[in-house]
Amino acid sequence: MDKKTKLAWLKRYSETNAVSGFEAPMKELLQERLAGKAEVSYDKLGSVVFTNASADENAPKIMLASHMDEIGFMVKHITKEGFLKFVCLGGWWEQVMLGQRVTVHGSKGDLVGVIGSKPPHILTPEERTKVVQKRDMYIDIGVKDEKEARKFGVFEGCPVTPYAEMAVMADGKTLLGKAWDNRIGCAVMADVMDKLAGKKHGNTVYGVATVQEEVGLRGAQTSVNLLKPDVAFVIDTCVAGGTPGVADDVAPAKIGEGIAITIFDAGMIPNTALRDFAAKVAKDLKIPTQISISEGGATDGGRIHLHGDGVLTLTFSIPTRYIHSHQSIIHLDDYEGAVELITAMIEKLDSKKYQELLKG
């Protein structure tokens, strides 16, 4: 796939609207991307599974897990004046929310909205020193009252997504857009499954786009129950360092310096044999890697590695600036390195290697 085609797909991944619990548009896009490349199935929560089966029934089962939901909002109440009160789907920090454009997905079509609150001009001196709380924010869709809002298809329970258009930045490889957490993981998973299509290798591989990761790793739980894998590679994002005020011991991975191998997060300590295997394959193939540490966050691996009597699990992270906001930044080289490394690991993994990894 040439760079132009990659960027076109990445733009579609980023700009697709699919917040937690409403992932159908992203599921449809991935099915388009992998049409004819793998068998398709689903769990009952909504995760989609793309299967590349081995002829050997005893071959190790490898799960590639990348969540397809993005953080967003849901309308919980319409005021009599027509403003929308909302709940957050996923982790939002108040300081990145105000004044941001959103898309309200009503029953009669999409509506433009903006997150508002009292303007600073009428705040008291004491109020100006405090962060505006989520409960005091609302979405303005430009209607005169509740009746008109409902006329345009707004209802309690309709999803709301951040609005942002993907853009290529100055160096041609740095990409700005919404939902890189975790659409870039979906892109990596899809590319790996594409590369494996028609190839002989010693494994059965499941490319899984999970649902509802941002609200509790829920799709990871149901999909791992369905598949019962032996090995899992979780593909997600991590907080990128290298920006003012961010220390290396807090966020060591930087954009453009390689795929990050997560050595610790709040939900999982990775399988060390698998971690070392990844480092060796990367070194042999001269694929740049970094480490990632997340003391305050977890990934789908937190659920997957505890399934049954355990799953050998490792998380690969794409370093991402300004994560969990309307606009975040990744680097094309890190994405491409992730595809190369994960594909190579699968090609080098077989029943014999799996037994070696089990012994640790």
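The values are calculated or read from the model by the stated rules, or taken from the named source; none is laboratory data. This one's a predicted model, so the numbers in the text were calculated from it and none came from an experiment. When we count neighbours, we look across all protein chains shown, and the Cβ atoms used for this are built from the backbone with ideal geometry, even at glycine. What goes into the accessible areas is simple: the full protein's heavy atoms, side chains included, and nothing from ligands, DNA or RNA. Shrake-Rupley method; radii C 1.70, N 1.55, O 1.52, S 1.80 Å.
For this structure, a couple of remarks:
- Translational diffusion coefficient of the range 227-348 (Stokes-Einstein, Kirkwood radius from Cα pairs, 37 °C, 0.692 mPa s): 225 µm²/s.
- Based on the reciprocal of the average 1/r between different C-alpha atoms, the Kirkwood radius for the chain equals 21.1 Å.
- Averaged over its residues, the range 144-238 has an accessible area of 34 Å² per residue, based on protein heavy atoms and a 1.4 Å probe.
- Site pair Gln95 and Lys199 shows an inter-label distance of 4.3 nm when each label is modelled 7 Å from Cα along Cα→Cβ.
- Among the listed pairs Lys254/Lys353; Lys283/Lys348; Lys11/Lys195; Lys195/Lys348; Lys195/Lys359; Lys228/Lys353, those with a Cα-Cα distance over 25 Å are Lys254/Lys353; Lys195/Lys359.
- Taken over the range 34-77, the alpha-carbon convex hull comes to 116 cubic angstrom per residue.
- Length gained on full extension, Lys118 to Thr5, computed as 0.36 nm times the residue gap minus the Cα-Cα distance: 36.3 nm.
- Computed over the chain with a Gaussian network model linking Cα atoms closer than 10 Å, the most mobile of Thr313, Thr124, Thr222 is Thr124.
- Of Glu15, Glu257, Glu94, Glu23, the order by accessible heavy-atom surface (1.4 Å probe, DNA, RNA and ligands excluded), from most exposed downward, is Glu257, Glu15, Glu94, Glu23.
- Just so you know, the Cα atoms of the range 152-298 work out to an Rg and Dmax of 17.6, 58 Å.
- For the chain, the longest principal axis of the Cα atoms and the long axis of helix 332-348 meet at an angle of about 30 degrees.
- Among Glu127, Glu156, Glu336, residue whose mean-square fluctuation peaks in a GNM of the chain (springs only between Cα atoms under 10 Å): Glu127
- Loop-located trypsin sites (Lys or Arg not before Pro) in the range 255-357, at most 16 other Cβ atoms within 10 Å (DSSP): Lys286
- Normalising by residue count, the range 85-129 has a Cα convex hull of 106 Å³ per residue.
- For the chain, the 222 nm mean residue ellipticity estimated from helices alone, with every DSSP H stretch of n ≥ 4 adding -39500 (n - 2.57) and the total spread over all residues, rounds to -8500 deg cm²/dmol.
- Positive contributions from Lys and Arg (+1) and negative ones from Asp and Glu (-1), summed over other residues with Cβ under 14 Å from the Cβ of Gly198, come out at +1.
- The chain - percent of accessible surface contributed by carbon and sulfur, probe 1.4 Å: 52
- Heavy-atom SASA rank of Val131, Val48, Val96 (probe 1.4 Å, accessible area, largest first): Val131, Val96, Val48
- Here the chain is scanned for chymotrypsin sites (Phe, Trp or Tyr not before Pro) in DSSP loops (not H, G, I, E, B) that have at most 13 other Cβ atoms within 10 Å, and the longest stretch holding none of them is 156-360.
- Relative contact order, percent, the chain [alpha-carbon distance under 8 Å, six or more residues apart]: 23
- Calculated SAXS-style log₁₀ I(q)/I(0) at q = 0.10, 0.11, 0.21 Å⁻¹ - the range 280-360, Debye, Cα scatterers: -0.33, -0.40, -1.22
- For the range 21-102, projected area of the alpha-carbon convex hull averaged over all directions, nm²: 8.5
- Structural size metrics of the range 181-267, computed from C-alpha coordinates, are Rg and Dmax of 15.4, 47 Å.
- Angle between the chain longest axis and helix 3-15 axis [Cα atoms, degrees, rounded to 10]: 50
- Qualifying trypsin sites (Lys or Arg not before Pro) for the range 73-171 [loop in DSSP, other Cβ within 10 Å: at most 14]: Lys80, Lys108, Lys130, Lys144
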